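What follows is one structure encoded as structure tokens, with my remarks underneath.
Here, each number is a calculation from the coordinates, and none is a lab measurement. All figures in this text were calculated on a predicted structure; none of them were measured in a lab. Cβ placement follows ideal geometry from the backbone for every residue including glycine, while neighbour counts extend to all protein chains displayed.
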Amino acid sequence: NLTRDELKASVSAQMPQKRWKHTEGVMQSAIVLAKRYGADPVKAEIAAILHDVAKYWSTERQEQVLREQALNDELLLYDKPLWHAEVGAYTAQTEYGVDDEEILNAIRYHTSGRVGMTVLEKVICLADYIEPGRDFPGVDHIRSLAEHSLEAGLVAGFDSTIHLLLARRQVIFPLTVLSRNDLVKQLE
Ligand code: DGI
Ligand code: FE
Ligand code: FE
Ligand code: FE
């Protein structure tokens, strides 16, 4: 079993330095959010370290994992930037021995979310939006919402993603919309 430092070294070796910086930011934000909203900060940190592990794998390698492991291959019908979440969860389990389903699901749903997200899933998904290195229009608004409500922060995050996809005339993964709607209902 790897120590935490060995885990970090192994994951950071699979991505460019700027993406590892992002990962360190997600670790930091995820721990803060976990403590604020009652998720396990140790699990949050492990999920954060691994969440983008497969992000820079080749398309072929990601596709192979999705096909051969009979993972959610519906993803293959949608944009490639969605694939690394499912592939990352698989990798966390098989290569890094993570057997905690909560951590695996936080990795698996960090991009799309899902209906009925757990607190840990919300923490990782929101940390991914607001980590200190993120700089996109509206990020400070999401950060301020995140101080009071996981759900309000996430709705604003998903809204910004959906806005961007609409502006670029890209396909929206249906689960992204379902997640956003579910979070809106939780706000009511
Ligand atoms: O991996 P990160 O860049 O840290 O962030 P992420 O995993 O949240 O998102 C990865 C990419 O996925 C990002 O460029 C936006 C894109 N994305 C998120 N939701 C959807 C999506 N792309 C499409 N086509 N449809 C979606 O619903
Ligand atoms: Fe990601
Ligand atoms: Fe995200
Ligand atoms: Fe990320």
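Report the gain in length on full extension from Q28 to D73: 0.36 nm times residue separation, minus Cα-Cα distance, nm rounded to one decimal. Please report the intermediate quantities before stating the final value.
On the way: separation 45, 0.36 × 45 = 16.20 nm, distance 3.19 nm.
Computed gain between Q28 and D73 is 13.0 nm.
Computed about the Cα centre, the dipole magnitude for the stretch 86-188 is approximately 520 debye when only Lys and Arg (+1) and Asp and Glu (-1) carry charge, each at its Cβ. Restricting the chymotrypsin sites (Phe, Trp or Tyr not before Pro) of the stretch 1-108 to loop positions (DSSP other than H, G, I, E, B) with no more than 13 neighbouring Cβ atoms within 10 Å leaves Y56. A simple charge model with +1 on the Cβ of Lys and Arg, -1 on the Cβ of Asp and Glu and nothing else charged puts the dipole of the chain at about 520 debye relative to its Cα centre. Measuring r between the beta carbons of R61 and E147 and using R0 = 30 Å, the FRET efficiency lands at 0.20.
In loop segments of the stretch 92-188 as defined by DSSP, the trypsin sites (Lys or Arg not before Pro) with at most 15 further C-beta atoms inside 10 Å of their C-beta are R168, R169.
Taking a straight Cα-Cα cut-off under 28 Å and skipping sequence neighbours fewer than 8 places away in the same chain, the lysines within cross-link reach of K18 are K8, K35, K43, K55, K80, K122. A straight line joining the Cα centroids of the stretch 22-101 and the stretch 139-188 runs 19 Å. Shape index of the chain: Rg/Rh, with Rg the Cα radius of gyration and Rh the Kirkwood radius from the inverse mean 1/r over Cα pairs, equals 0.94.
Apply the membrane-span-like helix rule to the chain: whole DSSP H runs, Cα extent along the own long axis of at least 18 Å, mean Kyte-Doolittle hydropathy at least 0.5. List the helices found.
On the way: long enough: 17-37 (30 Å, -0.78); 150-167 (25 Å, 1.30); 174-187 (20 Å, 0.11).
What comes out of the filter, once short or polar helices are dropped, is 150-167.
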